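The values are calculated or read from the model by the stated rules, or taken from the named source; none is laboratory data. It should be emphasised that the depicted structure is a prediction, and the values quoted were computed from it without experimental measurement. When we count neighbours, we look across all protein chains shown, and the Cβ atoms used for this are built from the backbone with ideal geometry, even at glycine. What goes into the accessible areas is simple: the full protein's heavy atoms, side chains included, and nothing from ligands, DNA or RNA. Shrake-Rupley method; radii C 1.70, N 1.55, O 1.52, S 1.80 Å.
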Amino acid sequence: MTHTDSAAAGPESTEPELAEPHLREVLDTAGLAVEYVRAQDNTLFRLGEDGTEIPVVDFAGGYGSVLLGHNRPEIIERATELLASGTPVHAQFSRHPYANRLAAELNRIVHRELGTDEPYFAIFANTGAEAVEAAIKHAEMDRGMRLAALREELAKHTASVRAAVAAGTATVTAQAFGRAGLDATVSGGDFETLAAELERHNAEQLARPPLFLGLEGGFHGKLAASVQLTHNEGYRAPFKALAAQARFVPREQLDALKEIYAEERRTLWDVSVFDGRVEVTEREFPAFCAFLVEPIQGEGGIHVLSAAFAAEIQRFCESIDCPVVVDEIQSGMGRTGALLSSSQIGLRGDYYTLAKALGGGIAKTSVMLVRQARYRKEFEIVHSSTFAKDSFSCHVALKVLELLEADDGAAYRRAAGQGEALHRMLTSVAGDFPGVVKEVRGRGLMLGMEFHDQSGSASPALRDAAAGGLFGYVLAGHLLHRHDIRTFPTASALNTLRFEPSLLLSDAEIDQLEGGLRDICAIMRDEAGERLASGPAR
């Protein structure tokens, strides 16, 4: 049975559209501006014109937030208990033993997956973007404190050499002046001239802002700092002057990483006395604040980081003392068969960010984990959040972990198994439509299907959708109205449809998606855009 209506039953609202009206217009154009009235398991329900509920299989899954299903009964029961008991949401600046239990349970699982016993300290937040902001703020605090210690060390060395020169136990050679770019004959061999030049150079370097590294296609949020670490220039450009600056590394290209390092590397000058001579030496300046990595890029088109490139990133960052921030906001929490998707490719982070499914689909919560070797306790005083670390969200997150870990990790195995079944189906469709489907990518229940560009299609509907940047949304509108399937394209790769259902995904729902995908593939193959249930505005 198919449905083509999108209006909910009941009278139309007479209120002006004030809640993101432009976005509403875009959704209308693609046929996605429908209202959902109920959610259960892997299904959302909208109302037909006669007021009856129309079930829609949800392959968008709250952008990965509802791994355990919509309104999971055990989570709803726990949330109801918490609210009925009057659990405190606002008890800031007090003991939060439930937050500590949550941090301890996260550590237990992380230690198991990483094979380490090093503690990871937890800073809680409300959203994924906030967890990323906390990570990059902490990384910059750590970098700043390391820089302060280095500057103090350099000052002590300068004072020691100055004393040695004054005492006549050390001389300043022409080689030392030349190393600093000075002419000893012009400078008169004066140590103070050399020291002033070294201080000038060092001060110039120390004043440079931090530089972050990320991967092309990466997405880490849209807040003032995190948006600058998101590769999509459309998101970054309007706010480029506001916050952190980044260099983006092409995926799987080690040579590009080395080139960026060579271009951005900075050094400080240090002085010492060796064998009665003043020597000028280079010290590495920590120009790179952090390297942000998604094990699977969600909004960038569901690209999976290879184990080989992950190892290269790890080695590179260790060699220059640059921390790795592993963004597990969309890929983590069991979606790929492990709490940390990165653990499946051998990548170990100095920082981890977790969110989305951590809240069980109902609580807005996230966490930034930082390993003990990097942790700065001072951060706890300068960073805070009103709603973070509250009793309600922490207890809900504890229930989420309990459900994931139950029966020796049956939920992880279920996610991996259903993900394999879904991947097989997508691969089968791709094999039958090689001229339409470019590639199937992903792991577990985080999969994507990329379609070939349709801007040259003979169909005006397909051609216009591709040219207008609505191609993936138009396909999603057709799947919704013809096949009762909900999905979206990835935000920065609009030719890629995403599939991030809950682990309750059934074989029948996979079959239902297969029917829908074969339908849209046939439409593209036949260049028959007129068969689309929804298309670009005409």
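Things worth noting here:
- Helix 471-483 and the long axis of the chain differ in direction by around 30°, with both axes built from C-alpha atoms.
- Base-10 log of normalised Debye intensity for the range 251-323 (one unit scatterer per alpha-carbon) at q = 0.14 Å⁻¹: -0.58
- Taking 10 °C and 1.306 mPa s as conditions, the range 279-432 diffuses translationally at an estimated 89 µm²/s according to Stokes-Einstein applied to its Kirkwood radius (Cα pairs).
- Between the beta carbons of residue 74 and residue 511, assuming R0 = 25 Å, the FRET efficiency works out to 0.35 to the nearest 0.05.
- Global geometry of the range 205-343, whether rounded, prolate or oblate, following the gyration tensor of its Cα atoms and the 1.5 cut on a/c: prolate
- Where 87, 193 fall by accessible area, highest first, once all protein chains stay in place (1.4 Å): 193, 87
- Helix 191-206 vs. the chain, principal-axis angle (Cα, 0 to 90°, nearest 10): 10
- Against the compact-protein benchmark of 2.2 N^0.38 Å, the Cα-based radius of gyration of the range 136-210 scales to 1.34.
- Under the criterion of Cα pairs below 8 Å and six or more residues apart, the relative contact order for the range 95-230 equals 22 percent.
- For residue 198, net neighbour charge (Lys/Arg +1, Asp/Glu -1) across residues whose Cβ lies under 14 Å away: -3
- Prolate/oblate/rounded call for the range 116-158, Cα gyration tensor, a/c under 1.5 rounded: oblate
- Heavy-atom accessible surface of residue 261, to the nearest 10 Å², is about 50 Å², with a 1.4 Å probe and all protein chains retained.
- Relative contact order of the range 225-274, pairs being alpha-carbon contacts under 8 Å that are 6 or more residues apart, as %: 26
- Charge dipole (Cα centre; +1 on Lys/Arg Cβ, -1 on Asp/Glu Cβ; no other charges) of the chain amounts to roughly 1020 debye.
- Straight-line cross-link partners of residue 389 among the lysines, defined as a Cα under 21 Å from its Cα and at least 8 positions apart when in the same chain: 137, 356, 364, 377, 399.
- When 95, 374, 101, 24 are compared by accessible surface with a 1.4 Å probe, the order from highest to lowest is 95, 101, 24, 374.
- With Cα atoms, 0 to 90° folded angle of helix 391-432 axis to the chain main axis: 70
- Pair-distance distribution P(r) for the range 74-215, from all Cα-Cα distances in 10 Å bins starting at 0: 8, 21, 21, 15, 13, 12, 6, 4, 0 percent.
- Under the Debye formula (equal points on every Cα, no solvent term), log10 I(q)/I(0) of the range 480-538 at q = 0.15, 0.25, 0.26 Å⁻¹: -0.53, -1.26, -1.30
- Entry note, the range 396-538: relative contact order of 25 percent, from Cα contacts under 8 Å with a spacing of 6+ residues.
- Counting only DSSP beta bridges with both residues in the chain, the antiparallel share comes to about 70 percent.
- When peptides 138-145, 314-321, 121-128, 393-400 are ranked by their average number of other Cβ atoms within 10 Å per residue, the highest-first order is 393-400, 121-128, 138-145, 314-321.
- A 1.4 Å probe over all protein chains sorts 211, 447 by accessible area into 211, 447, starting with the largest.
- Structure-derived Rg and Dmax of the Cα atoms in Å - corresponding label in (i) 27.6, 98; (ii) 22.4, 74; (iii) 24.4, 78: (i)
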